[in-house]
Structure formats: C-alpha cells, structure tokens
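A short write-up of the structure that comes next.
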Amino acid sequence: MRKKIVAGNWKMNLMNQEALLLFNTISSKLDKDSIANVMVFPPSLFVHQLANSENSEITIGVQNFYPKDKGAFTGEISVSQVKDSGATSVLIGHSERRAYFNETHQFLKEKVDSAIDYELEVIFCCGEPLEIRENNSEMSYVKKQLEASLFHLDGDTIKKCVIAYEPVWAIGTGKTATIAQAEEMHAAIRFWLTEKYNSEIAESISILYGGSCNASNANELFSCPNVDGGLIGGAALDAEAFLQITNSF
Ligand code: PGA
C-alpha cells in the first residue's frame with residue numbers, strides 16, 4: 001500500500017515558543033494507531049530544534065533551501081546545512097516560491113537533484129493558477145511542471161519522491177477543489193508516471209492534495225482512490241484541526 005501522508009506547511013508563521021507548543025501538542029496527541037505518516041515543515045529557524053526533539057514520530061522538513069553545498073549566497077540555507085540540521089525532507093516547487101521568488105523549472109530541477117544527492121526526501125509541488133483552470137489547460141500545465149523538473153529522475157529515484165498537487169486557486173482561499181477535480185488530476189499524474197516509468201512505480205508514489213484542505217473536508221478528499229494524503233497550510237497551525245486531519249483516512 002502507498003504511504004499515507006499528512007504534511008503541515010507552516011509557511012512564514014509562528015514565533016519560536018508558539019512553534020514549540022504546536023509541535024509538542026501534535027507530537028503528544030498523535031494517535032499511535034493512525035496510518036498517516038506525519039510531517040511538519042516549519043520556518044527554517046525552528047528546524048534544528050524540532051528535528052532533534054526526542055520522542056517524536058513527526059518527520060521534519062524544510063520549506064526552502066539553496067541547491068549548493070556552501071558559498072557566498074548571503075541569506076540562503078544550503079542543502080548540506082539542511083541535511084546537517086536533522087531535517088529529512090524538503091518542499092520543492094511550492095506555488096508561492098514559483099510566484100514570489102521566481103523559481104523556474106530549471107532551478108527547481110537543480111533543487112530536486114541537490115536534495116536527492118543529499119538523500120533528502122523530495123515533496124514536489126505542482127498545480128495550476130486560476131486562469132489556467134479557466135481556460136481548461138490545467139492538464140498540460142501540470143504535466144509540463146512535472147516533466148520539466150522531476151521526470152528526469154530515474155525510476156528508482158522518483159519512487160522515493162512524493163508529489164503534491166496544489167491548485168493555486170485553492171491555496172489559502174477557502175476554495176477547495178471538488179473531489180472530482182482532485183481525483184481527476186491525481187489520476188492523470190499517476191497515468192503520466194505510468195507512461196514515463198511503469199505502473200509499479202506509478203502505483204508506489206504518494207500523491208498529496210493541497211489547497212484549503214481542513215478537518216471538515218479531509219476525509220472526503222482522502223477517500224479518492226488516487227489521493228494519498230494532504231499538504232496542509234492554514235489548518236496545520238491549529239493542533240486540533242491538524243490532528244483530526246491525520247485521522248481522516
Ligand atoms: P492552505 O495551504 O491549506 O492554507 O490552502 C496549502 C499549501 O500552500 O501548502
């Protein structure tokens with residue numbers, strides 16, 4: 001069975017004490033019988049502390065990094081520093097990084113390769129903006145994102161990655177994709193993986209949904225055959241809501 005995953009993307013939120021409290025609350029109340037693999041992507045300043053806290057089942061990842069080992073890149077955090085911090089996963093291709101920080105297909109491909117070199121698990125985000133959905137070109141748009149930055153990997157390597165489909169028009173808007181829209185895109189992504197690799201590889205890769213996923217709609221979304229969990233923004237900042245989402249399979 002594919003891994004079921006609930007990942008919290010805290011974005012640029014929370015002060016240190018708040019982050020600790022949220023993390024400790026989630027860790028201590030996590031249902032030991034839940035089938036979800038739970039991940040958290042805190043702001044980088046908190047990563048080391050959270051990744052090294054004891055007695056936590058939660059996987060810690062970073063929201064961003066620079067795909068070089070070291071050097072004169074003022075303000076950036078290197079892929080090797082991410083590895084050294086104890087984080088084990090990285091988000092790559094989030095729409096906010098693409099839109100506000102001009103991360104291109106080529107740059108995202110470099111990030112993918114550098115994360116793989118450091119044996120960090122890649123959560124690769126894709127998803128179309130509203131105007132693309134409105135002119136019915138979301139399929140080719142998302143396929144291009146995958147082909148340009150992820151599908152150069154060989155089969156054994158892509159198997160270790162996770163894909164997150166996050167329609168941009170659903171992120172932080174309270175407007176969730178319908179289950180039909182989510183399942184249609186997730187099934188298409190799995191089909192493209194089958195086409196490019198093979199069905200065994202396609203069937204083994206977890207594909208998460210993101211975009212206003214919350215405690216009320218997670219159950220319905222996660223019941224779609226090709227939705228293997230969620231990448232959660234706003235609702236991940238609320239311990240009770242997030243815990244409920246982890247029990248929504
Ligand atoms: P949201 O964000 O749940 O607040 O819509 C999801 C994301 O950006 O990963």
Among the residues of the range 1-22, write down those that are over 14 Å from GLN244 (Cα atoms) and under 18 Å from the mean Cα position of the chain (by Cα).
ARG2, LYS3, LYS4, ASN9, TRP10, LYS11, MET12, ASN13
Lone qualifier among PRO42, PRO67 - being at pLDDT 95 or above and within 16 Å of the ligand (Cβ to nearest atom):
PRO42
Output the qualifying pairs, or none if there are none: Cβ atoms under 7 angstrom, residues six or more apart or on different chains, first residue in the range 1-30 and under 16 Å from THR59 (Cα atoms) and open to solvent by 40 Å² or more (accessible area, probe 1.4 Å), second residue at pLDDT below 95 and not in a loop (DSSP other than H, G, I, E, B).
none
Counted residues, the range 29-65 - those being over 17 Å from the mean Cα position of the chain (by Cα) and not aliphatic (A, V, I, L, M)
14
Pairs please, first residue from the range 113-133 and more than 20 Å from ILE232 (Cβ to Cβ), second anywhere and among the small types (Gly, Ala, Ser), Cβ atoms under 7 Å, 6+ apart in sequence or on different chains.
TYR118/SER80; LEU120/SER89
Please find, within the range 171-208, the residue that is surrounded by the most Cβ atoms within 10 Å (Cβ to Cβ) out of those that are of a type in the set (Phe, Trp, Tyr) and closer than 21 Å to GLU121 by Cβ.
TYR197
Among the numbered criteria (1) surrounded by fewer than 20 Cβ atoms within 10 Å (Cβ to Cβ); (2) within 16 Å of the ligand (Cβ to nearest atom); (3) part of a helix (DSSP H, G or I), which single criterion is violated by VAL142?
(1)
Name the single residue that is nearest to the ligand (Cβ to nearest atom) among those in the range 209-249 being among the acidic types (Asp, Glu) and open to solvent by 30 Å² or more (accessible area, probe 1.4 Å).
ASP238
Can you name the helices (runs of 4 or more DSSP H) wholly within the range 1-108 that have at least 1 residues being over 24 Å from SER212 (Cα atoms)?
16-29, 44-51, 79-85
Might you let me know whether the range 233-245 holds any residue that is over 16 Å from PRO42 (Cα atoms) and among the aromatic types (Phe, Trp, Tyr)?
no
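The values are calculated or read from the model by the stated rules, or taken from the named source; none is laboratory data. Source: prediction; values computed, not measured. Please note: Cβ atoms are built from the backbone with ideal geometry, for glycine as well, and neighbour counts cover all protein chains shown. Surface accessibility is based on the protein's heavy atoms, side chains included, excluding ligands, DNA and RNA. Shrake-Rupley method; radii C 1.70, N 1.55, O 1.52, S 1.80 Å.
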